[in-house]
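Asks: Attaching a single structure in structure tokens format; questions to follow.
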Amino acid sequence: MTKRTNSDDKLRPEFNYIVDLVKSGSSVLDLGCGEGQLMKALQERKHARVQGIELSDTAVQACVEKGLFVYHGDLNEGLADFNDHSVDYVILTSTIQVLQRPDLLIVEAARVGKKCIISVPNFGYWRVRFQLMFEGVMPRTSNLPYQWYDTPNIHLTTINDFKRFCHENDLGILAETYLVMGECDCTRVSFLPNFFADYGIFVLEQRSAT
Amino acid sequence: MITSELGSVGIVETQYFTFAEPPNELQLDCGRKLGPITLAYETYGQLNADKSNAILIIHALTGDAHVAGIDPADDTHKPWWDTMVGPGKAFDTNRNFVICSNCIAGCKGSTGPSSINPATGKPYALDFPMLTIADMVRAQKELIDHLGIKQLLCVVGGSMGGMQALQWAVSYPEMVRLAIPIASTARLSPQAIAFDAVGRHAIMGDPDWNGGNYYGAVGPAHGLAIARQIGHITYLSDKSMHQKFGRDFQDKIKPDYDFVTEFKVESYLSYRGESFVGRFDANSYLYITKAMDYFDLAQPSGDLRKGLSAVKAAFLVISFSSDWLFPSYMSKEIVSALRRNNVDVSYAEIQSDYGHDAFLLEVETLTRLITNFLEYAVPRSTDD
């Protein structure tokens, strides 16, 4: 995953933008919730009713320690337990690129959530392009820190690819936020995001099949 | 986090509560009535002023009320979950009032087939009515009422104790704030019923069983020992047997080519079987395993979600990766039904090689999960 370890449990700066997108008092399902930092922030700042799904047993324990409700399971198994539009927001932060079939889970997430917040590392970011073009190596950035042989990121996307996917799957993009990550902060990008942003946050909604 | 010293609850005394005196006998699922009923129970810690810190711990098939501490009457009587109950432990007796009672049909002080039937002046034996897990919970509820507790902070148990924890949340939803079924199921699998049935056949096929009328005589020691051995096989895992026994011989390095107990695993099972005979009643084993076999919270509709629709408690469901008697899918089935019912639930599968027995052995991970769940989990019904 692109998730950085957060031993001090501090909220990653890009998560603040996600917290801002959630309406107060909502129900939230965080898929691949890690140690629950985002869920905790949503619970505290937005009084959200949160639950998560997480594969790592130590992360599950960390969630329980925070008083969060979490299911120890594999996202590749799907979301069959959840009815259509049964939660206000389904959230996938930096998770889709590690899934076997991100397309299936995104469609599922949009079925279960009234809205869906998905964040992706952008493989179209200029540093990524430059490393491949001028150095001829597999790109590594702070957001994509792995070597080619040990990366869990098996389905990387660019912002443009992701938007095209949404369009092709009848997912309306209600809001989009583009960021470039610094050491301990991140800055919003509005100009040529597929080139200058290394992170995109999308709010999606299933378009009615009328 | 808990900062107090880990400790023992010290000397505890088993207490007895008798209720359902005729004509107010307890109505049972089988249609019959039972009374009077005595429950043996132990308590640890202090009930607080608003009676909001009570935790009911429920034992498994062959357990008893002695979950922690020292039995002054019998120092060979080991508490079955002393690692989890006590000052500073997962069920912290500095903060909580912990209750554990022997189930009805048992033989550890509560009314069961070895108890005297007041109608005849002789042990019930097979005149004892057939019981269900729900009946066991009905009896426990009388005890909790007697203690003046309106709502339990938590109901927790492993294996059959977990079934009862689930049943509590279904039967008395207002009385359960948090529930923790561990290595358990909402319906016993045909595989587990099969093992129970073979155990019962071993007992009932023993000539000394004598149709259940063996009190005052030898009793079906051989059959009961075999039943226990079968049980023990199902509580271990392939890997834990490799680690514990391997293919080693007991007290020798090469075989003698005969049918005496040779392998270490054989010796272990023989020992477990024999030591069980001295402490457990064969008819209790028949009745309790049958109650487990009948357990199916999906009935009558067949839909577990409907069966669990009354639940209000928040749940922590725990399973163990190597448990093949109550495999993780059974816990996931509970979680799935609860989630569909919009109940707050956490699920954790603990990686362990200990098989079903892991619920008694994986103390560190269980402590971490349970301590925090009890501390922080707030069910939505009381949060609103």
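Asks: How large is the charge dipole for the protein assembly as shown, taken about the Cα centre, if only the Cβ atoms of Lys, Arg (+1) and Asp, Glu (-1) carry charge, to the nearest 20 debye?
Replies: 1240
Asks: Using a 7 Å offset from the Cα along the Cα-to-Cβ direction at both B:Ile116 and A:Lys114, what is the distance between the two label points in nm, to one decimal?
Replies: Between B:Ile116 and A:Lys114, the simple spin-label model gives 6.6 nm.
Asks: Further, regarding this structure: Tell me, what is the FRET efficiency for A:Asn76 and A:Phe134 to the nearest 0.05, using R0 = 45 angstrom and their Cβ-Cβ distance as r?
Replies: After rounding to 0.05, the efficiency reads 0.80.
Asks: Among B:Cys100, B:Cys30, B:Cys154, whose mean-square fluctuation peaks in a Gaussian network model of chain B (Cα, cutoff 10 Å)?
Replies: Maximum fluctuation in the GNM of chain B, among the listed residues, is at B:Cys30.
Asks: So how many Lys-Lys pairs in chain A land under 27 Å Cα to Cα, not counting same-chain pairs under 8 apart?
Replies: Taking the Cα cut-off of 27 Å, the pair count is 28.
Asks: Ok, one more. With +1 on the Cβ of every Lys and Arg and -1 on the Cβ of every Asp and Glu, and nothing else charged, how large is the dipole of the stretch B:148-288 about its Cα centre, in debye rounded to the nearest 20?
Replies: Roughly 580 debye for the stretch B:148-288.
Asks: Helix A:159-168 versus the longest principal axis of chain A: what is the Cα-based angle in degrees, 0 to 90, to the nearest 10?
Replies: The answer is roughly 50 degrees.
Asks: Please turn the phi angles of the stretch A:15-24 into ³J(HN,Hα) values with the Karplus equation 6.51 cos²θ - 1.76 cosθ + 1.60 (θ = phi - 60°), one per residue in order, whole Hz, x for glycine and proline.
Replies: 5, 4, 5, 6, 4, 4, 7, 8, 6, 4
Asks: Quick one: which residues, 5+ away or cross-chain, put their amide H under 5 Å from the amide H of A:Ile117? H built at 1.01 Å from N.
Replies: For A:Ile117, whose amide H was placed from the backbone, the distant partners under 5 Å are A:Val90, A:Ile91, A:Leu92, A:Leu204.
Asks: Related question: Ordered by residue, what ³J(HN,Hα) values in Hz, to whole numbers, does the stretch B:241-249 give under the Karplus form 6.51 cos²θ - 1.76 cosθ + 1.60, where θ = phi - 60° and Gly and Pro are x?
Replies: Each residue of the stretch B:241-249 in turn: 5, 4, 5, 7, 10, x, 9, 5, 8 Hz.
Asks: Still on this structure: Considering the options A:His85, A:Ile53, B:Ser328, tell which one lies farthest towards the positive end of the dipole of the protein assembly as shown, charges being +1 on Lys and Arg and -1 on Asp and Glu at the Cβ, about the Cα centre.
Replies: Looking along the dipole axis, the top candidate is A:His85.
Asks: Quick one: of the DSSP bridges fully inside chain B, what percent are antiparallel, nearest 5?
Replies: Just about 35 percent of them are antiparallel.
Asks: Okay, next question. About the Cα centre, and with charges only on the beta carbon of Lys, Arg (+1) and Asp, Glu (-1), how big is the dipole of the stretch A:13-205? Nearest 20 debye, please.
Replies: 480
Asks: Test of understanding: ordering B:Tyr268, A:Tyr125 by Cβ neighbours within 10 Å, fewest first, what list do you get?
Replies: Exposure proxy ranking, most exposed first: B:Tyr268, A:Tyr125.
Asks: Looking only at the stretch A:181-210, which residues have a backbone nitrogen under 20 Å from a spot 7 Å from the Cα of A:Asp170 in the C-beta direction?
Replies: Residues passing the 20 Å test: A:203-210.
Asks: Separate question: Note the per residue figure in Å³ for the convex hull of the C-alpha positions in the protein assembly as shown.
Replies: Normalising the Cα hull of the protein assembly as shown by residue number yields 194 Å³.
Asks: May I pose another question? Set the Förster radius R0 to 51 Å, insert the Cβ-Cβ distance between B:Glu21 and B:Lys239 as r into 1/(1 + (r/R0)^6), and round the FRET efficiency to 0.05.
Replies: Rounded to the nearest 0.05, the efficiency is 0.50.
Asks: Still on this model: So for the stretch B:77-161, if I pair up every lysine 8 or more residues apart or on another chain, how many of those pairs have alpha-carbons under 28 Å apart?
Replies: 11
Asks: Under 5 Å between amide H atoms, partner at least 5 residues away or on a different chain: which partners does B:Ala310 have, H built in plane at 1.01 Å?
Replies: Counting only residues 5 or more places away or on other chains, the set is empty.
Asks: Something else: For A:Arg45 and B:Met204, what is the calculated FRET efficiency with R₀ set at 51 Å and r taken between the beta-carbons, to the nearest 0.05?
Replies: 0.20
Asks: Could you tell me how many degrees, from 0 to 90 and to the nearest 10, lie between the Cα long axis of helix A:37-46 and the main elongation axis, the longest principal axis, of the Cα atoms of chain A?
Replies: 60
Asks: Sticking with this structure for a sec: Can you give me the long-range amide H partners of B:Ile350? Hydrogens built in the peptide plane at 1.01 Å from N, cutoff under 5 Å, separation of 5 or more residues or another chain.
Replies: Placed amide hydrogens put B:Ser319, B:Phe320, B:Ser321 under 5 Å from B:Ile350.
Asks: What's the angle, to the nearest 10 degrees (0 to 90), between helix A:102-112's Cα axis and the longest principal axis of chain A?
Replies: On a 0 to 90 degree scale, this one is about 30.
Asks: Roughly how far apart, in whole Å, are the Cα centres of the stretch A:36-63 and the stretch A:148-173?
Replies: Going from one Cα centre to the other spans 24 Å.
Asks: In nm, what is the difference between 0.36 nm times the number of residues separating B:Leu147 and B:Ser189 and their Cα-Cα distance?
Replies: Between B:Leu147 and B:Ser189, full extension yields 11.6 nm more.
Asks: Mind listing the phi-derived Karplus ³J(HN,Hα) values for the stretch B:220-228, rounded to whole Hz, using 6.51, -1.76 and 1.60 with θ = phi - 60°, and x for any glycine or proline?
Replies: So the Karplus estimates, Gly and Pro as x, are x, 4, 5, x, 5, 4, 5, 4, 5 Hz.
Asks: Oh, and also: Can you list the residues of the stretch B:267-294 with backbone N under 15 Å from a point 7 Å past the Cα of B:Asp256, pointing along Cα to Cβ?
Replies: Of the residues in the stretch B:267-294, B:267 have backbone N under 15 Å from the label point off B:Asp256.
Since every read-out is calculated from the coordinates, none of them should be taken as a lab result. Just so you know, these numbers come straight off a predicted model, no measurement behind them. We place every Cβ from the backbone using ideal geometry, glycine too, and count neighbours over all the protein chains shown.
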